[in-house]
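Once you've had a glance at the structure underneath, I'll fire off some questions.
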Amino acid sequence: MPHRRAFLKSAAATALPRVETNEEKAVNPPGLIMREIEPANLETPPEALTSAITASDVFFVRSHFARPTIDAAGHRLKVEGAVERPLSLSMDEIRGRAAQTREVTLECAGNGRVYLTPKVKGVNWQNGAVGNARWTGAPLADVLNAAKVKSTAVEVVLEGADTGTINDEPKSPGVIHFARSLPLEKARKPEVLLAYRMNDVDLTPAHGGPLRAIVGGWYGMASVKWLTRIIVVEQPFEGFWQTLDYSYFGHENGLPVLRPITAMQPKSLILKPHAGERVPAGSTCAIVGRAWAGEPAVAKVELSFDGGSSWQPARLTEESKPHVWTAWEFDWRVPAKAGVASICARATDASGRTQSLTRESDRRTYMVSHVLPVNVDVVGSERR
Ligand SMILES: Nc1nc2c(c(=O)[nH]1)N[C@H]1C(S)=C(S)[C@@H](COP(=O)(O)O)O[C@H]1N2
Ligand SMILES: [Mo]
């Protein structure tokens, strides 16, 4: 028998997994589904979506560049451009301002991309690039007032500390920051925060700590993490992340034109039963899910078991509010006959928008919000 230490040594060379470095542990926290290791793109697992508040350690992570290292003690937020009084604020100064805490649901505009056929480029998210958290921060409106925005201003650019080069088409013009703009009107809304706390503790680096924007009602790309600069501009911003990436086709005079992706679309998810689940024939099955609509509240969720010909109302089991997802339930009388059953859910919001049954052709690889049926296996007693 070989000497124990010699055995361990040879085993380590062949069979033992490599020990993770602390850096790897930090970007691959347990509990999230790995979509990409660097930059970190991590998905919330389906079972975590049943909680009204998504715990921070299972909240999806979407990053386009390597995570920047920021020392909170020395961090400053600059407010500049078309303002009478440019500002440079420390974290203490930002924390010292009047604070607000609000629940906001963030959904990545690429959430659900894996369900598109034919397959498209981009992170292969299933349903878990969405989450709901309690965010605490200073309203952006107050900081803009303190800086005295000029009357000629039209937009507010939010710039992150992270930088890099995009080498795939469409290529970036060299090294760029992650940055997005908001029209002044949206920037002044109460649902837009300069957030430094998530679920009542300091923001973690993965979620943009020490400081990020939270833009309630808009897809996640607007909620710029690792916020370092706010630039008030007098012309619409034409940055990479809203003219090329995170844009969709609108139409002008019959011609397609690229427009920035902004507000979220209404959407519902079926969380239980899951696809392929075996459901006893003739039983009652509790179907549960979530729905959100961005700026408006969810008005109703309906279910269909005939591919969208007829719809029956679900019960909303949490209060439905703007910017926040809600839970719904439906008691389903499972057919007596065994076979595959297809469950469809659709949300309608307070402004009257409803999810469509088919994919909108002009959304490129984003805003996947059409109805996605969940097929379950109805089984007779002999197969249970
Ligand atoms: N600075 C910076 N901010 C960013 C991003 C980024 O890559 N860099 N990704 C955006 C996108 S596309 C989304 S969906 C959200 C995700 O926030 P989360 O990682 O906290 O879930 O952050 C947004 N803010
Ligand atoms: Mo995103």
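Calculate the spin-label point distance for Leu244 paired with Asn124, positioning each point 7 Å from the Cα along the beta-carbon direction, and give it in nanometres.
Those two pseudo-labels are separated by 2.5 nm.
Report the per residue volume, in Å³, of the convex hull enclosing the C-alpha atoms of segment 228-384.
Considering the Cα atoms of segment 228-384, their hull volume per residue is 164 Å³.
If I take the Cα coordinates of segment 30-173 and project them onto the principal axes, what are the three extents in Å, biggest first?
Sorted largest first, the three principal extents are 50, 39, 30 Å.
Quick one: pull the percent of accessible area on the chain belonging to carbon and sulfur, 1.4 Å probe, ligands and nucleic acids left out.
54 percent
Under the Karplus relation 6.51 cos²θ - 1.76 cosθ + 1.60, θ = phi - 60°, what is the ordered set of whole-Hz ³J(HN,Hα) values for segment 180-187, x standing for Gly and Pro?
Working through the residues one at a time gives 9, 10, 10, x, 3, 4, 6, 4 Hz.
Running Debye on segment 120-232 with equal point scatterers at the Cα sites and no solvent, what base-10 log of I(q)/I(0) appears at q = 0.10, 0.12, 0.13 Å⁻¹?
Reported log10 I(q)/I(0), two decimals: -0.33, -0.47, -0.55.
So, one more: State in Å² the accessible area per residue of the chain; use a 1.4 Å probe, count heavy atoms of protein chains only, and round to the nearest integer.
For the chain, the solvent-accessible area averages 47 Å² per residue.
Within segment 51-125, list the GluC sites (Glu not before Pro) lying in a DSSP loop whose Cβ has at most 10 other Cβ atoms in a 10 Å radius.
Glu84
DSSP loop (so not H, G, I, E, B), at most 11 other Cβ within 10 Å: list which trypsin sites (Lys or Arg not before Pro) in segment 134-217 pass both filters.
Working: sites: Arg134, Lys148, Lys150, Lys171, Arg180, Lys186, Arg188, Arg197, Arg212; in loops: Lys148, Lys150, Lys171, Arg188.
Passing sites in segment 134-217 are Lys171.
Of the cross-linked pairs Lys171/Lys300; Lys121/Lys300; Lys148/Lys225; Lys150/Lys300, which ones have a Cα-Cα span greater than 30 Å in the structure shown?
Lys171/Lys300; Lys121/Lys300; Lys150/Lys300
Under a no-solvent Debye model with one identical scatterer per Cα of the chain, what's log10 I(q)/I(0) at q = 0.11 Å⁻¹?
Here log10 of I(q) over I(0) equals -0.83.
A further question follows. P(r) for segment 222-292: what percent of alpha-carbon pairs falls in each 5 Å bin, starting at zero?
In order of increasing distance, the bins hold 3, 10, 12, 14, 12, 9, 10, 9, 8, 6, 4, 2, 1 percent.
Here's something else I'd like to know. Loop-only check: which GluC sites (Glu not before Pro) in segment 191-265 are DSSP coil with at most 12 other Cβ within 10 angstrom?
Glu234, Glu238
Next question, about the same structure. Which aspartates and glutamates, if any, have their Cα less than 16 Å from the Cα of Lys119, not counting same-chain residues under 8 positions apart?
Lys119 reaches Glu360, Asp362.
The values are calculated or read from the model by the stated rules, or taken from the named source; none is laboratory data. None of the values given here were measured: they were computed from a predicted structure. Because the Cβ atoms are built from the backbone with ideal geometry, glycine has one as well, and the counts that use them run over all protein chains shown. Side chains included, ligands, DNA and RNA excluded: accessible areas come from the protein's heavy atoms. Shrake-Rupley method; radii C 1.70, N 1.55, O 1.52, S 1.80 Å.
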